[in-house]
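See below for the structure under consideration.
Just so it is clear, none of the values below were taken in a lab; they were calculated from the coordinates. From a predicted model like this one, the values you see are computed outputs, not experimental measurements. Cβ: placed from backbone, ideal geometry, glycine included. Neighbour counts: every protein chain shown.
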Amino acid sequence: METVTGEPNPVEAVNSAGGATASAAGSLVGGLQDVGHVELPAGIPVLEMHNLSKRFGAVVACEDVDLQVFGGEIVALAGHNGAGKSTVLKMLSGVLQPDAGELRLIGKPAHLSNVRTARAHGIETVPQELALAPKLSVPANIFLGRELVARPKFLRLRARRRMEEESARLLSSLGVRIPRLRVQAGALSGGQAQGVAIARAVGWGRHVVVLDEPTAALGLRETEQVELTIARMKERGLAILIVSHDLEQMFRLADRIYVMYRGRVVGMERTAETTRERIGALIHGQSERAPQEAG
Ligand SMILES: Nc1ncnc2c1ncn2[C@@H]1O[C@H](COP(=O)(O)OP(=O)(O)OP(=O)(O)O)[C@@H](O)[C@H]1O
Ligand SMILES: [Mg+2]
């Protein structure tokens, strides 16, 4: 009996896999988590940062950053160039380690000493710079570094087919349309490539997906498509943290907005209860409310 061992989560065998579920000896190890809803405990934040600080020599990139994200929530991080947004995201994705403070996942302290540890904790990142390997196909990119392992080797073709099927299922569940999965990623449009990068993060992320300026390089229609994908990923129950420079986008997507100014969080607002003017003022370092707004 063929078995599929989940790492991190088991995948249901795909019945339409042209016999992939048949009783051939051997196994495929690995696989994307099932494309469904992610169950995370309600009531406690999935992600918490307490007094996180990071400096580079004399430059204080982040100081005493407090931030929380719940499951099924999109939180935006706003701020001028150099405010510290990417530094916060890099501490989350294990690229940088904080000098002080604590990071908690579902209530437990987490030490993300490198990118692999962060991934093992269910945190996936879509970085500011494009992330795909241009020479590889779409499925090869989605499974990059986490390929299904075929044992014995004659199952390799089957593993490849399985990765294609899982990729197709994942992409369609997020509304990402790629006509031919076997094309090299370098031939995709910017929006398609970003869709694939987001899908990869959603497919492997169990807790948190982090997006740094996901639509900065895209045109209007591609931005719309990527925003739809982000909205679908929220429906899956993940905690989503997104850096954006686009105020309108934050108001379209986010439930809450944190604003950073010179390394500090200077405000947190619920999108439904705040204004663009208020967020704009915070971004410019004016954290005092005007007298008529206060109270
Ligand atoms: N590796 C580094 N070495 C030295 N200084 C750094 C490093 N990374 C970031 N900084 C500094 O830390 C501060 C915060 O940078 P960060 O990249 O987090 O800002 P940001 O809010 O993401 O800006 P942007 O909107 O331009 O992406 C800046 O002053 C930046 O120059
Ligand atoms: Mg940045």
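Report the far tail of the P(r) of the chain, meaning the percent of Cα-Cα pairs longer than 31 Å. Don't skip to the end; give the middle numbers.
Working: 13642 of 43365 pairs.
Value for the chain: 31 percent of Cα pairs lie more than 31 Å apart.
What FRET efficiency would be calculated for the residue pair Glu288, Ala216, taking the C-beta separation as r and a Förster radius of 35 Å, to the nearest 0.05? The partial results should precede the final answer.
Numbers: r = 30 Å, r/R0 = 0.87.
It comes out at approximately 0.70.
What percent of all Cα-Cα pairs in the stretch 72-192 falls into each 10 Å bin, going from 0 up to the bin containing the maximum distance?
11, 31, 32, 21, 4, 0
Could you tell me which GluC sites (Glu not before Pro) in the stretch 118-226 are loop residues by DSSP with no more than 10 other beta carbons within 10 angstrom of their beta carbon? If you can, show how the numbers build up before the last one.
Values: sites: Glu124, Glu129, Glu147, Glu164, Glu165, Glu166, Glu222, Glu224; in loops: Glu129, Glu147.
Those satisfying the criteria are Glu129.
What number, rounded to the nearest 500 deg cm²/dmol, is the helix-based mean residue ellipticity at 222 nm of the chain, given -39500 (n - 2.57) per DSSP H run of at least four residues and division by all its residues?
Details: 8 runs with 83 residues, N = 295.
After summing the helix terms and dividing by residue count, I get -8500 deg cm²/dmol.
Of Lys108/Lys135; Lys54/Lys135; Lys153/Lys234; Lys90/Lys153; Lys85/Lys234, which pairs sit farther than 32 Å apart, going by alpha carbon to alpha carbon?
Numbers: Lys108/Lys135 39 Å; Lys54/Lys135 36 Å; Lys153/Lys234 38 Å; Lys90/Lys153 37 Å; Lys85/Lys234 21 Å.
Violating the 32 Å Cα-Cα cut-off are Lys108/Lys135; Lys54/Lys135; Lys153/Lys234; Lys90/Lys153.
Taking the alpha-carbon centroid of each part, what is the distance from the stretch 60-94 to the stretch 196-221 in angstrom?
When both Cα centres are located, 16 Å separates them.
Using a ≥ b ≥ c from the Cα gyration tensor of the stretch 127-206 (square roots of the eigenvalues), is it rounded, prolate or oblate, where a/c under 1.5 gives rounded and otherwise the larger of a/b and b/c decides, a/b for prolate?
Numbers: a/c = 1.71, a/b = 1.62, b/c = 1.05.
It is prolate, given that a/c is not under 1.5 and a/b is the larger ratio.
Can you list which of the DSSP-assigned H helices in the chain have a Cα extent of 18 Å or more along the long axis and an average Kyte-Doolittle score of at least 1.6? Don't skip to the answer; put the middle values down first.
Numbers: long enough: 156-173 (26 Å, -1.28); 190-204 (21 Å, 0.41); 220-235 (23 Å, -0.74).
Within the chain not a single helix satisfies the rule.
Provide the convex hull volume over Cα atoms per residue for the stretch 114-263, in Å³.
Details: hull volume 18.9 nm³, N = 150.
Measuring per residue, one finds 126 Å³ for the Cα hull of the stretch 114-263.
Would you mind calculating the relative contact order of the chain from Cα pairs under 8 angstrom and at least 6 residues apart, reporting the percent as a whole number?
Numbers: 608 pairs, mean separation 70.5, N = 295.
About 24 percent, as a whole number.
Full extension from Leu144 to Gln184: what is 0.36 nm times the residue separation minus their Cα-Cα distance, to one decimal in nm? Don't skip to the answer; put the middle values down first.
On the way: separation 40, 0.36 × 40 = 14.40 nm, distance 1.34 nm.
Value of the extension gain: 13.1 nm.
In the chain, what percentage of the DSSP-assigned beta bridges are antiparallel, given to the nearest 5? Walk me through the numbers before you get to the answer.
Details: 24 of 44 bridges.
The antiparallel proportion sits near 55 percent.
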